[in-house]
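> Have a look at this one.
The values are calculated or read from the model by the stated rules, or taken from the named source; none is laboratory data. Everything numeric here is computed off the predicted structure, so don't read it as measured data. So basically every Cβ, Gly included, is an ideal-geometry build from the backbone, and we count neighbours across all protein chains shown.
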């Protein structure tokens, strides 16, 4: 995701950054959670806080959730490789095998959100 920009350049934060949080969902059921990286393997990330009512199976596809101004909905992220219950929260935590090798990217796409400013301003009003 884009972090900072100048006239000609931008810095990005990788999905493989332990501070990164991305809204993502299970494609077939639309149950969502927060995508994060535990720092262990560059081929896997974790989808946390998925409700236990969600029907999840190994191999299910995970996509961006569209609940933020960062990513549009439906971009493929990976597939579920492991499902377990978090002992503290009693929500599912899912290990997600990434579709792409994040250590060897050659080309990337830049997506401009036409409504980004309007959404951010609306969210600010909501928090006032």
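> Could you tell me how many of the residues in segment 92-119 are under 15 Å from residue 41 (Cα atoms), without any contact (Cβ under 8 Å) to a residue 40 or more places away in the chain and surrounded by 11 or more Cβ atoms within 10 Å (Cβ to Cβ)?
So in segment 92-119, the residues under 15 Å from residue 41 (Cα atoms) come out as 94-104.
Pick out the ones that are also without any contact (Cβ under 8 Å) to a residue 40 or more places away in the chain and you get 99-100, 104.
Filter once more, keeping what is surrounded by 11 or more Cβ atoms within 10 Å (Cβ to Cβ): 99-100.
So the answer is 2.
> Oh, and also: Could you grab me the full set of residues in segment 75-91 that are touching a residue at least 40 places away in the same chain (Cβ under 8 Å) and part of a loop (DSSP other than H, G, I, E, B)?
Scanning segment 75-91 gives 89, 91.
Rundown of residues vs (1) touching a strand residue (DSSP E or B) at 6+ places or on another chain (Cβ under 7 Å); (2) closer than 14 Å to residue 84 by Cα; (3) at pLDDT 85 or above; (4) not in a strand (DSSP E or B), yes/no style:
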site	(1), (2), (3), (4)
3	yes, no, no, no
11	yes, no, no, no
16	no, no, yes, yes
19	no, no, yes, yes
48	yes, yes, yes, no
53	no, yes, yes, yes
58	yes, yes, yes, yes
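> Ok, one more. Give me a count of the residues in segment 21-46 that are within 11 Å of the chain's Cα centre (by Cα) and assigned to a loop (DSSP other than H, G, I, E, B).
Of the residues in segment 21-46, 2 are within 11 Å of the chain's Cα centre (by Cα) and assigned to a loop (DSSP other than H, G, I, E, B).
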